[in-house]
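A short write-up of the structure that comes next.
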Amino acid sequence: MDFELKTLTPARICAEKCDALIVLVGAETWTGADAVSALAALAIKAEDFENKAGKLLNAYRPPGIAATRVLLAGAGDGSVKNVRSAVHAAMAALKTTNVRHVVLSLVGMAAADHASVRAAVLACADATYVYSTTKSKPAVQKLQRVVVAVSSLASSRAGFDKGVGLSKGVALAREWANRPANHATPTLLAQAAKELGKLPGMRVEVLGPKEVAKLGMGSFMAVAQGSEEPLRFIVLRYDGGTRTEAPVVLIGKGITFDTGGISIKPAAEMDEMKYDMGGAASVLGTFRALAELQPALNVVGLIPACENMPDGRAVKPGDVVTSMSGQTIEILNTDAEGRLVLCDALTYAERFKPRAVVDIATLTGACVIALGGVRSGLFSSDEALAQSLAAAGDSSLDLCWRMPLDDEYAEGLKTHFADVANVAGRAGGAITAAKFLQRFAGKFPWAHLDIAGTAWKSGTAKGSTGRPVPLLVDFLMGQVQPARPAARKRSGSRA
Ligand code: BES
Ligand code: MN
Ligand code: ZN
């Protein structure tokens, strides 16, 4: 979908030719003499429409308006969140129509600034996304062009550009997390990363079983050993900062399918475990957005990718393996595999002398129980890092919630047979998983995002959400030091 930003007056909006004109209606009073204002005022007065977020009113060829249809979309008090809901509802209503060219008017909205323009663009892309990779007849996307109309370019341009860049990252993350596991193997994931490596400022390196064995990643290898699909360890680099600047490292859990292994999962809904690489998908999506936005900082992405399968050669409950850190691990439950691949990636991250490491993982069902699908779980032993991530969640409307890391939660990980066990009891499962990871993250400021509840929707809207790409991108943009020189200009850096 193509986006364009334009300044328009209410009168000009009425004259804009398009298939559909979406007018966001906030708390402002509609006193203008133009046809759109008159329509809005009339509908509100007649109580056929109210400005509640998500409410819609459709009009076909209304007089004095060049657009074929007009959609009034209630945006409540005009908050960024309400703008998002309004645009989402309106675009979703147009998804299955003939509409190709949309004008989306934010003109007159109280908060038509950076954040709401960005939210509007993201909501457009989000509402019209269709998965079609494994359909024999790919759905035809009729909606092709959205013109976002605002009162002032100056206050909207940056938000608009950010929204467009971010939407590409979110779409990529959704795409990969939605793909069935036989269409998103570790090898295919690595190929997708290689494609990103062609974008400006990007480099990608992929390690296979031999290199990973040489590094001593015994924990990661133990998870992969039950599968016919060879593991991949993907290293992405975005260099926007100076050569000497310490990078931020993002680590994404890349379990392309999680059967549970020998500790096998029940059959019901096991198909959904294709999104157990949602963390990896969010890292790929974040790098896609970085390629668009070109911030002045260095970022490393690490993705340990493999399947978790039961097999004659699979790792067994009670097996003890040696991680890259040298710590031995008793694998009491082969379904707690995410932490086993992440711990070796955390140790690998040390070589970058990072200023911060954030791992992103669909790690525990317990986190789904604790926080549902609204907020991701945020764990961090570093106050400043925790605050930056929480703030990025708020500003991007991609929320997270800080969880505790008291040492008492690690008691259950003790075992007689190794340095640490990979599971504790059922109680506080999301926290004990984080405590396991923390043992491998002592050499840098570290945070962990448990996205098991937020990366995916079950039920009628079944599919990936692209979260937490917005949170990660806002976090990274906030890491750019204002005094530093801007990113090196590269040709073709903008789409
Ligand atoms: N990938 C799952 C976690 C998960 C569950 C993600 C539901 C999304 C939705 C993870 O590998 C897992 O199986 N975790 C176990 C850990 C347990 C064995 C300690 C879990 O949550 O049950
Ligand atoms: Mn599992
Ligand atoms: Zn898993």
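The values are calculated or read from the model by the stated rules, or taken from the named source; none is laboratory data. Just so you know, these numbers come straight off a predicted model, no measurement behind them. Reconstructed Cβ throughout: ideal geometry from the backbone, glycine too, with neighbour counts over all protein chains shown. We work out accessible area using only protein heavy atoms, side chains counted, and drop any ligands, DNA or RNA first. Shrake-Rupley method; radii C 1.70, N 1.55, O 1.52, S 1.80 Å.
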* Any hit, the range 332-345, residues being open to solvent by 10 Å² or more (accessible area, probe 1.4 Å), in the same structural domain as K414 (by TED's automatic domain parsing) and more than 16 Å from ligand 2 (Cβ to nearest atom) -> no
* L231 more than 14 Å from ligand 1 (Cβ to nearest atom), of a type outside the set (D, E, K, R) and in contact with a Cys (Cβ under 6 Å, 6 or more places away or on another chain) -> yes
* Output yes when any residue across the range 311-322 is within 15 Å of ligand 3 (Cβ to nearest atom), touching a Pro at 6+ places or on another chain (Cβ under 7 Å) and of a type in the set (A, V, I, L, M, F, W, C), and no when none is. => no
* Structure fact -> Scanning the range 298-321 residue by residue, those more than 14 Å from ligand 1 (Cβ to nearest atom), in a loop (DSSP other than H, G, I, E, B) and either among the aromatic types (F, W, Y) or in contact (Cβ under 8 Å) with a residue 60 or more places away in the chain (or both) turn out to be D311, R313, A314, G318
* Say whether the condition of being open to solvent by less than 10 Å² (accessible area, probe 1.4 Å), within 16 Å of ligand 3 (Cβ to nearest atom) and not aliphatic (A, V, I, L, M) is met by at least one residue in the range 284-302. => no
* **Residue identified as open to solvent by 30 Å² or more (accessible area, probe 1.4 Å), more than 10 Å from ligand 1 (Cβ to nearest atom), part of a strand (DSSP E or B) and farther than 15 Å from E337 by Cα among R243, R237** => R237
* Looking at the range 38-48, which of its residues are part of a helix (DSSP H, G or I) and surrounded by fewer than 21 Cβ atoms within 10 Å (Cβ to Cβ)? -> A38, A41, L42, A43, I44, K45
* Asked: Can you name every residue in the range 322-355 that is more than 28 Å from the chain's Cα centre (by Cα), within 13 Å of ligand 1 (Cβ to nearest atom) and either in a loop (DSSP other than H, G, I, E, B) or within 14 Å of Q438 (Cα to Cα) (or both)?
  -> L332, N333
* Checking G279 against (1) within 11 Å of ligand 1 (Cβ to nearest atom); (2) open to solvent by less than 10 Å² (accessible area, probe 1.4 Å); (3) within 12 Å of V223 (Cβ to Cβ), the condition it does not meet -> (3)
* To do: May I ask you to say which residue of A424, A455 is free of Cβ contacts under 8 Å to residues at least 24 places away in the same chain, crowded, with 19+ Cβ neighbours inside 10 Å and of a type outside the set (S, T, N, Q)?
  => A424
* Structure fact -> Pairing a residue in the range 152-175 that is closer than 30 Å to K253 by Cβ and free of Cβ contacts under 8 Å to residues at least 24 places away in the same chain with any residue that is open to solvent by less than 40 Å² (accessible area, probe 1.4 Å) and basic (K, R), where Cβ atoms lie under 9 Å and the two sit 6 or more apart in sequence or on different chains, gives none
* Got a sec? Which strands (runs of 3 or more DSSP E) wholly within the range 56-120 have at least 1 residues that are assigned by TED's automatic domain parsing to the domain that holds G32 and buried (at least 24 other Cβ atoms within 10 Å of the Cβ)? -> 69-74, 101-105
* So which of F417, F444 is more than 18 Å from G377 (Cα to Cα), within 30 Å of the chain's Cα centre (by Cα) and of a type outside the set (V, I, T)? -> F444
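Somewhere in the range 19-26, is a residue open to solvent by less than 20 Å² (accessible area, probe 1.4 Å), hydrophobic (A, V, I, L, M, F, W, C) and either outside the structural domain of K142 (by TED's automatic domain parsing) or in contact with an Asp or Glu (Cβ under 6 Å, 6 or more places away or on another chain) (or both)?
No, the range 19-26 contains no residue that is open to solvent by less than 20 Å² (accessible area, probe 1.4 Å), hydrophobic (A, V, I, L, M, F, W, C) and either outside the structural domain of K142 (by TED's automatic domain parsing) or in contact with an Asp or Glu (Cβ under 6 Å, 6 or more places away or on another chain) (or both).
Do the conditions hold for A386, that is, is it of a type in the set (A, V, I, L, M), part of a loop (DSSP other than H, G, I, E, B), touching a strand residue (DSSP E or B) at 6+ places or on another chain (Cβ under 7 Å) and open to solvent by less than 60 Å² (accessible area, probe 1.4 Å)?
Details: of a type in the set (A, V, I, L, M): yes; part of a loop (DSSP other than H, G, I, E, B): no; touching a strand residue (DSSP E or B) at 6+ places or on another chain (Cβ under 7 Å): yes; open to solvent by less than 60 Å² (accessible area, probe 1.4 Å): yes.
No; evaluated as a whole, the condition is false for this residue.
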* Any idea which of V235, V249 is under 18 Å from the mean Cα position of the chain (by Cα) and closer than 23 Å to H448 by Cα? -> V249
* Kindly provide the set of residues from the range 427-446 that are of a type in the set (A, V, I, L, M) and either in a loop (DSSP other than H, G, I, E, B) or open to solvent by 30 Å² or more (accessible area, probe 1.4 Å) (or both), ordered by number. => A427, A441
